[in-house]
Each structure stands twice: as structure tokens, then as C-alpha cells.
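Presented below is the structure to which this report refers.
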Amino acid sequence: MSGEVFEVPAALAASAFIDNDKYLELYKRSIEDPDGFWASMAGRLDWIKPFTRVKNASYDPHHVSIRWYEDGILNAAYNCVDRHADRTPDKVAILWEGDDPAEQRAITYRELQEEVCRFANVLKEAGVRRGDRVTIYLPMIPEAAFAMLAAARIGAVHSVVFAGFSPDSLAGRIRDAGSSLVITADEGIRGGRKVSLKANVDAALEKCPGVSKVLVVRRTGKAVAMQDGRDVYYDDAARGVASDCPVSPMGAEDPLFILYTSGSTGSPKGVLHTTGGYLVYASLTHQWVFDCHEDDIYWCTADVGWVTGHSYVLYGPLANGATTLMFEGVPSHPNPSRFWEVIDRHKVTIFYTAPTAIRSLMAHGEEAVKSTSRASLRILGTVGEPINPEAWLWYHRVVGDGRCPIVDTWWQTETGGILITPLPGATRLKPGSATRPFFGVEPAIVDALGNVLEGATEGNLVLLSSWPGQMRTVYGDHDRFVQTYFSTYKGMYFTGDGARRDEDGYYWITGRVDDVINVAGHRMGTAEVESALVAHPKVAEAAVVGYPHDIKGQGIYAYVTLMEGETPTDTLATELTQWVRKEIGPIASPDKIQFAVGLPKTRSGKIMRRILRKIAEDDFGSLGDTSTLADPSVVTDLIDHRQNRH
Ligand code: 6R9
């Protein structure tokens with residue numbers, strides 16, 4: 001730990017929405033009087049019918065129920081588009097920069113309104129009705145935003161699937177959501193490489209009999225196979241539809257979207273977010289955490305396939321009438337200065353990215369940063385995984401020239417928005433700490449039994465009460481929602497993260513304490529990778545753990561036992577890596593595969609991952625008690641093999 005503390009710049013304390021006195025006063029109020037606090041915060045949205053009830057939440061495992069503003073009526077797309085199209089029609093809503101730096105688009109709020117209406121009319125003509133689910137499998141192009149907002153406009157529920165996922169992963173998500181319409185593109189482009197999205201959809205749909213319509217956005221113009229009666233090019237469908245479309249009045253608790261995320265067991269969960277609470281929370285956090293004012297140019301590098309893209313590329317900034325930059329490419333293409341060149345080209349003032357991106361750019365050296373100006377930058381942010389102090393300090397000193405506060409924002413797909421974070425005008429920063437809770441958020445640290453620990457301490461991170469952006473259920477499986485988040489500790493939401501709290505009350509997230517690993521800021525369930533591996537005909541058994549990785553934070557380490565008669569070879573290891581890429585997607589590729597004759601199991605047959613984790617970390621000295629293993633000699637074998645690889 002660096003131990004260094006960074007004070008709030010005086011000018012910022014004076015100009016920011018929230019300074020430290022205001023933080024302390026408002027935080028106290030938000031906890032003592034949640035109804036009063038959140039009622040007044042909801043005034044930032046336009047309501048068709050105002051709510052009379054604010055918070056109505058129970059964490060009692062027998063009837064977990066979370067509702068906010070439940071009798072209010074509003075429309076998310078209206079709040080993100082129309083009201084700004086009226087007030088600031090010529091302000092740029094979406095600044096788009098393509099994978100190729102020569103491709104740029106600036107879409108004003110007036111244009112956004114037209115695009116969203118047209119897309120909404122196309123959906124309607126395709127038979128989409130209020131409450132229907134629509135799966136979106138698109139690259140980072142403005143049409144992804146139009147499609148999401150169009151669904152919201154007519155009361156349909158979007159389910160965005162990251163365009164890096166395989167046909168199989170896509171199929172599972174389409175079926176679970178019960179979508180009958182899929183929106184995709186001919187191809188995507190990232191880092192100069194084409195991704196055959198339409199072909200992936202075709203493969204996925206072989207397993208999705210319920211899909212009757214596919215809308216194909218032309219991105220590269222490549223001629224793709226089109227199935228008669230099912231597939232339609234978006235631009236053909238949009239020709240001739242009206243450019244205005246009324247908004248559907250939605251209940252605050254009507255679903256807005258489903259987003260699939262990995263858990264420690266089973267298949268990915270459909271995290272369900274609803275309309276009113278989610279939008280109040282995304283909007284408020286976006287404005288205060290990033291101190292985003294009227295003339296800021298805000299850039300969050302996340303893909304809309306992840307929750308950060310939902311809340312902080314799209315819904316938060318647009319609800320606030322801000323200019324949000326959308327980037328199709330990758331940080332290193334065509335050169336490692338790309339991020340900083342984009343910042344200079346568009347005069348970006350607020351920049352939000354992931355620690356893994358920072359670490360990979362750090363590896364290219366300071367010159368690639370220093371050759372650019374970055375004078376427009378005011379605020380920097382990170383999200384997705386714990387940031388190591390070394391990367392934090394580099395981000396602060398080199399990217400921000402020592403001028404820009406860093407907001408290290410801790411949150412989850414499930415939380416809808418940022419929960420623990422510094423506020424730029426209020427919070428002294430400690431590199432590596434997400435610092436203090438946002439308004440209305442009550443974190444606590446518990447021991448294994450669920451006892452709340454006071455003062456400076458370490459343990460598991462829970463939340464004691466609800467906030468408006470919280471997920472409402474697992475789509476189609478409320479029991480799984482209760483089981484996953486509310487059964488470990490009675491009356492508390494369990495985050496799955498470990499945390500330390502220091503003597504100043506600052507939180508330091510230490511990482512997942514369950515079988516979820518965080519690879520380059522992407523959540524992966526070890527169970528998902530294992531089931532992909534055992535689906536290979538030559539694999540008998542697999543156990544997957546995370547291990548420390550310089551750039552990605554965590555890498556994927558897979559222990560594999562083969563079927564009788566199969567021989568472990570490097571070729572087979574490569575084949576298995578390719579297999580997992582194909583089954584789940586490139587983000588799930590194992591970084592290391594170790595063949596094993598056996599896995600360490602208890603007598604009841606449970607794999608002891610603790611031991612596998614230690615071996616993957618090369619930490620052979622502290623394996624702990626191995627006497628309960630069915631066959632302790634397995635461990636010696638594993639260590640021998642591990643050491644022979646070096
Ligand atoms: C927003 C997002 C959630 C998990 C979360 C935690 C890790 C996210 C973090 C962080 C330390 C931060 N995480 N932000 N850990 N510091 N600032 O990333 O959602 O993809 O659902 O991942 O990511 O482990 O539990 P999601």
C-alpha cells in the first residue's frame with residue numbers, strides 16, 4: 001500500500017455538486033430518512049403520474065421484495081431523450097468514434113429522438129408489444145443505443161448480450177429471456193478485425209425455435225445469409241416508418257431490462273432491473289460521482305453488453321442530458337495512444353475505464369501518453385475490479401498529470417449503479433480504496449457467521465438496506481434470487497465480495513470470496529468454464545480457479561483430467577482452449593491448462609478449490625490441512641507437474 005493520501009483540489013471542492021460537508025450532511029439524512037431523501041431525488045426525472053409511496057423493501061428471506069416509487073408512472077426513453085430534445089435539441093447526445101479513427105458521428109438530442117422513434121416503430125411493426133423481451137446482440141454502434149431506448153419507449157424489455165459471446169451463450173440467453181426478436185449486425189469491427197455477428201445469430205437460432213424475427217443492422221455492408229420471412233435489414237424496415245412514436249406510460253416497477261451475469265453456480269442469471277428506481281439511481285450517481293455538469297464531455301469506455309455500458313454509457317448520462325461518447329474500438333488500435341487521442345479529439349473532460357485497460361496501457365510506457373495533451377480532462381474513474389495502487393498512481397500521475405481526482409467506483413450488475421465511491425469534490429483519496437458509501441447505501445462487514453463487525457476490520461461485504469437501483473429478481477427464478485443474495489446472512493444482501501475497512505471508515509474491496517473470477521474486469525463463473533471443458537469428448541473432469549495475472553487482474557487456470565486412454569499434449573491443451581472460446585466466447589479462454597491424473601477431493605467427493613488456487617499461485621507452502629482428502633498423493637502430483645512447467 002502506498003499510504004499516500006490525495007486531498008480534494010480546492011477549486012473542485014468549491015465548484016462540485018457535493019463537497020465534504022454536504023456529503024456528511026446528506027449521507028446522514030439519506031440513512032435516517034430514506035423516504036424523504038429518495039422522494040426529493042426522484043424529482044430529477046419527469047413523471048407521467050407522481051408516486052405517493054417511496055421505499056417498500058424487505059430482505060426477509062421468506063418474502064424478499066424490493067419496490068421503489070411503486071405507484072409512479074414514467075417512461076425511461078422519454079427521460080433520456082424527449083425532454084432534452086425539447087430543451088437542448090442541438091446538444092450532442094452521442095458522440096461516436098468508430099474502430100477506424102476516420103469514422104465519427106455526432107448525434108444531437110433531436111436526431112436521437114427521431115432515431116429512437118423510428119426504431120421503436122420498426123419494433124412495433126415486427127410485432128413487439130409491451131412486456132415482450134428483445135435480445136440485442138450488437139457492436140458498439142449508435143444503433144445499439146437506439147435499439148435499447150426504442151424498446152424502453154414501447155415498454156419492451158431489452159436483454160443485451162455482449163457481442164463477444166459465442167452462439168451457444170447467446171442461445172442460452174435468448175431462450176431464458178423468451179425473446180422472439182433478435183437485433184444484430186452483419187458484422188462487428190474491433191481492433192481492425194471483423195466479427196461475424198449475423199453468422200453467430202444464425203448458429204444460435206438453430207437452438208431457439210421461439211425466435212421469429214431478426215433485424216440486421218448494416219455495419220460493414222458484407223452480404224450475409226438472410227432467411228426469408230425471418231431476417232430483415234434494419235434500414236429496409238426503417239424506410240417508410242414514421243419518425244415519431246408515442247411513449248408507453250410504464251409503472252415504476254415495470255421491467256426495463258434483463259442483463260445476464262455469471263454467478264458461482266449454474267448458468268448465468270438474468271438480472272432484472274425495473275424502470276423508476278433504476279433510472280433515478282443511474283442518473284443521480286452519474287451526475288454526482290463524476291461531477292458531470294452541462295458542458296462536460298463524458299466518456300465511459302465500457303461496452304453496452306455489460307452493466308457499466310447500460311448505466312454509465314447510456315441511461316445515466318442521457319437521463320442527465322449529457323454528451324456521452326461511445327467508442328467502438330479497443331485501447332491499442334491502431335496504436336497504444338488511441339484512448340488519449342480520442343480524449344484530445346473530442347475534448348473529453350470525464351474519463352471512466354477499467355483497471356485492466358490501465359495496466360495494459362501502462363505496459364506500453366509513458367511516452368504513448370505524454371505525446372498527447374489530455375488538457376481537457378478533469379475527472380478520472382475506474383470500475384470492474386480492485387485497482388492496484390501502482391496502476392492507480394500511474395493513472396493519476398501520467399494520464400491525469402497529477403491534476404485529476406480518480407473515482408474508484410465499486411458496484412455490480414445486481415446493484416444497478418455505483419454504491420461505494422469517492423465524490424470528486426468531497427473525498428480525500430487513498431490509492432486502491434473505493435472509499436465511502438454513496439447516499440442511501442449502508443455497507444457492513446460481517447464475519448462468516450454474519451456478525452456485523454465494527455471499526456477497522458476485514459470480512460465479507462454486505463448491504464443492510466435497499467437502494468433504488470437494486471435488482472428486483474432473477475428473471476423467471478425468484479427463488480434463485482433469494483437463495484443467491486439473501487440466504488447467506490439473514491436480513492442482508494450478500495455481495496460475494498470481501499472487504500477491509502480502515503480507521504477512517506474507508507472501504508478496500510479485496511475481491512470475490514465465491515467461485516466467481518474477475519478476468520479483465522469481466523465476471524466469469526468457474527462452473528461455466530468447467531462445464532464447457534467437460535463437454536469436450538476427451539475431458540473427464542475439470543476444475544477452474546483464478547490466479548493473479550499482471551494485466552487482467554485474474555487469469556483462468558484450468559486443471560483437467562482426461563478420459564481413459566487419452567494423452568496429455570500441448571496440442572490438446574490448445575484444442576481445449578479453442579474449445580472453450582467456441583463454447584462461451586474469447587473472454588473465457590483459459591490462460592493455463594494443467595493436465596492432472598486426479599483432482600484433490602474430500603471423501604465426500606467435493607473438489608478442494610482452496611488447494612488448487614494455492615497451487616495455481618505457486619504458493620505451495622500454505623496448502624493448509626490436506627488430511628481430509630480422499631487421496632492426499634494427488635496434491636504432490638499436482639505440485640510436481642506445476643513445477644516441471646517452469
Ligand atoms: C460494475 C461491475 C461486479 C464485481 C464486484 C467486484 C468487482 C467492480 C470494483 C470491483 C473492486 C471496484 N468490482 N468494481 N472490485 N473495486 N471498483 O463491474 O459489475 O461485472 O457485475 O462485476 O466486480 O468483485 O462484485 P459486474
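A simple packing score, the average count of other Cβ atoms within 10 Å per residue, orders the peptides 242-254, 380-392, 414-426 as 414-426, 380-392, 242-254, with the highest score first. Centre-to-centre separation between the Cα atoms of the range 214-234 and those of the range 473-534: 38 Å.
Placing a pseudo-label 7 Å from each Cα along the Cα-to-Cβ vector at VAL241 and ASN56 gives an inter-label distance of 3.4 nm. Count the lysine pairs in the range 6-134 whose Cα atoms lie under 29 Å apart, taking only pairs 8 or more positions apart in sequence or on different chains. So the count of such lysine pairs works out to 5.
When only C-alpha pairs under 8 Å and at least 6 residues apart count, what is the relative contact order of the chain, in percent?
Working: 1417 pairs, mean separation 86.3, N = 646.
In percent, rounded to a whole number, it is 13.
The Cα atoms of the chain cover 72, 64, 58 Å along the three principal axes, with the biggest extent listed first. Looking at the range 520-641 alone, DSSP beta bridges between its own residues are antiparallel in about 75 percent of cases. Annotation: per residue accessible area for the range 520-641 equals 45 Å², rounded to a whole number [probe 1.4 Å, protein chains only].
Tell me, what is the FRET efficiency for ARG105 and SER627 to the nearest 0.05, using R0 = 56 angstrom and their Cβ-Cβ distance as r?
On the way: r = 64 Å, r/R0 = 1.14.
According to the calculation, E is roughly 0.30.
Residues whose amide H falls under 5 Å from that of GLY511, counting only those 5 or more places apart or on a different chain, are GLY498, with hydrogens built in the peptide plane. Taking a ≥ b ≥ c as the square roots of the eigenvalues of the alpha carbon gyration tensor, the range 520-641 is oblate, as a/c is not under 1.5 and a/b does not beat b/c. For the cross-link pairs LYS222/LYS582; LYS538/LYS606; LYS370/LYS614, the ones whose C-alpha atoms lie over 28 Å apart are LYS370/LYS614.
Under the simplified labelling scheme, the ASP591-ALA535 pair shows an inter-label distance of 2.4 nm, with each label point 7 Å from Cα along Cα→Cβ.
Building the convex hull from the alpha-carbon atoms of the range 414-546 and averaging its projection over directions returns 10.2 nm². Unpaired cysteine residues in the chain (no second Cys Cβ under 4.7 Å): CYS80, CYS208, CYS292, CYS300, CYS404. Computed from the Cβ-Cβ distance with R0 of 35 Å, the FRET efficiency linking ILE639 to SER371 stands at 0.15. Projected label points at ASN20 and GLU125, each 7 Å from Cα along the beta carbon direction, are separated by 5.9 nanometres.
Of the listed peptides 636-642, 154-160, what is their order by residue-averaged count of other C-beta atoms within 10 Å, with the highest listed first?
Values: 636-642: 15.0, 154-160: 24.6.
The densest-packed peptide leads the list: 154-160, 636-642.
Give the percent of DSSP beta bridges with both residues in the chain that are antiparallel, rounded to the nearest 5.
On the way: 61 of 100 bridges.
About 60 percent, rounded to the nearest 5.
Summed over the residues of the range 109-251 and divided among them, the accessible surface reaches 37 Å² per residue at a probe radius of 1.4 Å.
With 10 Å bins beginning at zero, the pair-distance distribution over Cα atoms of the range 198-349 amounts to 8, 24, 34, 28, 6 %. In whole angstrom, how far apart do the alpha carbon centroids of the range 1-63 and the range 244-321 sit? Using only Cα atoms to place each centre, the spacing works out to 17 Å. Estimated from helices alone, the mean residue ellipticity of the chain at 222 nm is -8000 deg cm²/dmol (sum of -39500 (n - 2.57) over DSSP H runs with n ≥ 4, per residue).
For the range 34-121, relative contact order (Cα pairs under 8 Å, six or more residues apart, normalised by length) works out to 20 percent.
Placing unit charges on each Cβ (+1 for Lys and Arg, -1 for Asp and Glu) gives the range 435-592 a dipole about its Cα centre, and among LEU572, ALA535, THR473 the Cα reaching farthest toward its positive end belongs to THR473.
Could you work out what % of the accessible surface of the chain is carbon and sulfur, using a 1.4 angstrom probe and leaving DNA, RNA and ligands out of the count?
On the chain, the fraction of accessible area on carbon and sulfur atoms equals 50 percent.
The values are calculated or read from the model by the stated rules, or taken from the named source; none is laboratory data. On a predicted model such as this, the values are computed, not experimentally measured, just so you know. With ideal geometry, Cβ positions are generated from the backbone for all residues, glycine too; neighbour counts draw on all protein chains shown. Only protein heavy atoms, including side chains, enter the accessible area calculation; ligands, DNA and RNA are left aside. Shrake-Rupley method; radii C 1.70, N 1.55, O 1.52, S 1.80 Å.
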